[in-house]
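Have a look at the structure below, then the notes.
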Amino acid sequence: MTHIVIVGGGVGGLELATALGRKLGRKGTAEVTLIDRNHTHIWKPLLHEVASGSLDAELDAVNYRVHAHRNGFHFELGTLCGVDRSHKRIQLAPLVDDTGDEILPHREKAYDYLVLAVGSVSNDFNVEGVSQHCIFLDSPGQAQVFHQRLVDRFIRLDQELESGQVDRKLRIAIVGGGATGVELSAELFKAREWFSTYGLKTITPNHLEVSLIEAGPRLLPALNERISAGAHRELLKLGVKVRVATAVVSASKEGLTTKEGELIRADLMVWAAGVKAPGYLAGIEGVETNRMGQLLVEPTLQLKGDPDIYALGDCAGFGMTGPDGEQRWVPPRAQSAHQMAACIASNLRRRLKDKPQQPFQYKDMGSLVSLSEYSAFGRLMGGLARGGISLEGKVARLAYVSLYRMHQAAIHGWPRAMLLAFTDKINHFIRPRFKLH
Ligand SMILES: Cc1cc2nc3c(=O)[nH]c(=O)nc-3n(C[C@H](O)[C@H](O)[C@H](O)COP(=O)(O)OP(=O)(O)OC[C@H]3O[C@@H](n4cnc5c(N)ncnc54)[C@H](O)[C@@H]3O)c2cc1C
């Protein structure tokens, strides 16, 4: 039987495995295996909420093994470390526990068709000290590490203020004025409110200093100027110290140093200044990559030079022509991964029927940015909205939340997704509104 192996159960990979499991795996037309380095899936655009505590990763996570059982595919825990294209085998690194004990040895796995959906990692652009002193939000584990440090720092600050050290405050610096940095900045102010509500009463808005640092001339450079200006205005209202046109040249224990030599002091630092594909992909023999390390793909999403390997999402380099005729790459966003997953699901099914492969076409459906529960901004494209419509406030927030609901529907089906939405509403009343540990 044809064996389809998908590596990476993120936004695109999990949707693809689910679709193929239901259409092919359940009927015994093909064996579908999903491999991920984690046991559970969290929708990556929610990681800033895991970091702040407004989302409890343990409640929202989808267990891969259970999901595979329900949807007709297999799940295997493993970390991809190489691909032997000539023998059509992938290599998985040994799995060790936290004491260093080996659970599984180095393994190889054969495939007929392979889909690489391993996402991206933060790009520190080799800026000195960043990897040692800054936290990245690339995985649920990293988001939880940030959350734990945030909790610890708030508790310490409360103690210091109670003991009369009135000049103390918590200083958090975030590098990168894209969606992650903007959304996290607002989330931190919500976190401060909840900590104060739940007992750390000494901590007022004046005791939290959030600096958002962007090298370019404006926040949200990938979105239109209206959204960018709206988000900038709202962040200033919340009290965020927004610094545009400020390049960070090094990070140390004390904080971040700018190109002008200024030290921005910080107790916690987050680096969210852009992404690149994981480095090991470029090491696969015979593949071509772009400047971001993404695997170059044909219009059908098959790797250039290897029609049996497909790539999707953040790790795929798909060239397209922009609205002004300029050449650009499909942006590393959830909607790209979602659309590519649908295209590969269709192409793999066509392949099994010996039908020709169809080209991928990226449709920009717009962008939404949420500033926690304070506000949201966005622009929706397509459908009735010729040229797009701008959204703001509650409507934009609703549209933002519905993106996650659509992902849940893609992996669970609409009935279960509606039930999950209902459960969230109930949890809103019966569980703490914020994760405090
Ligand atoms: C805080 C934050 C907010 C964001 N907000 C938005 C937003 O509002 N809108 C938007 O469109 N996009 C947003 N994004 C970007 C979006 O999350 C990504 O573009 C999207 O997740 C890419 O999907 P993917 O399937 O390519 O990869 P991912 O969703 O990142 O999934 C990759 C998967 O591969 C697994 N993996 C990685 N390496 C290996 C390996 N070696 N072996 C096995 N498994 C591996 C990972 O565990 C993960 O499950 C945000 C990102 C972040 C971090």
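Points worth noting:
- Accessible carbon and sulfur surface of the range 265-368 relative to its total accessible area, %, 1.4 Å: 49 percent
- Per residue, the accessible area of the range 127-257 comes to 44 Å² when a 1.4 Å probe rolls over the protein heavy atoms.
- Taking amide hydrogens as placed 1.01 Å from N in the peptide plane, the amide H of residue 95 sits under 5 Å from those of 103, 104, each at least 5 positions away in sequence or on another chain.
- Kirkwood analysis of the range 214-348, using all unique Cα-Cα pairs, places the hydrodynamic radius at 17.8 Å.
- Distant-in-sequence amide H partners of residue 255 (H built 1.01 Å from N, under 5 Å): 266
- Cα shape, the range 92-158, gyration tensor, a/c 1.5 rule: prolate
- Proximity of backbone amide H atoms, modeled 1.01 Å from N, is registered between residue 115 and 5, 6, 7, 310 at under 5 Å, excluding neighbours fewer than 5 places apart on the same chain.
- 3J(HN,Hα) from dihedral phi, the range 171-187, Karplus parametrisation 6.51/-1.76/1.60, rounded to Hz, x for glycine, proline: 10, 10, 10, 10, 9, x, x, x, 4, 4, x, 5, 5, 5, 4, 5, 4
- Heavy-atom accessible surface of the range 24-129: percent carbon and sulfur, 1.4 Å: 47 percent
- Diffusion coefficient, µm² s⁻¹, Stokes-Einstein with Kirkwood Rh over alpha-carbon pairs of the range 130-271 at 20 °C and 1.002 mPa s: 137 µm²/s
- Per residue, the solvent-accessible area of the range 366-430 (1.4 Å probe, heavy atoms of protein chains only, all protein chains present) comes to 59 Å².
- Between helix 393-412 and the chain: long-axis angle, C-alpha atoms, 0 to 90°, nearest 10: 30 degrees
- Only lysine pairs 8 or more places apart or on separate chains count here, and in the range 130-271 those with Cα atoms under 18 Å apart total 8.
- With a cut-off of 11 Å on the backbone N, no residue of the range 65-93 is near the modelled label site 7 Å out from residue 418 along Cα-Cβ.
- Sorting 114-120, 134-140, 345-351, 316-322 by their mean Cβ neighbour count within 10 Å, with the most densely packed peptide first, gives 114-120, 134-140, 345-351, 316-322.
- Karplus-derived 3J(HN,Hα), 6.51/-1.76/1.60, for each residue of the range 128-141, Hz, glycine and proline x: 4, x, 5, 5, 7, 10, 9, 9, 9, 10, 8, 9, x, x
- Volume per residue of the convex hull around the Cα atoms, evaluated for the chain, comes out as 162 Å³.
The values are calculated or read from the model by the stated rules, or taken from the named source; none is laboratory data. These figures come from a predicted structure and were not determined experimentally. When we count neighbours, we look across all protein chains shown, and the Cβ atoms used for this are built from the backbone with ideal geometry, even at glycine. The protein model used for the area step is the full one, side chains on, heavy atoms only, and it has no ligands, DNA or RNA in it. Shrake-Rupley method; radii C 1.70, N 1.55, O 1.52, S 1.80 Å.
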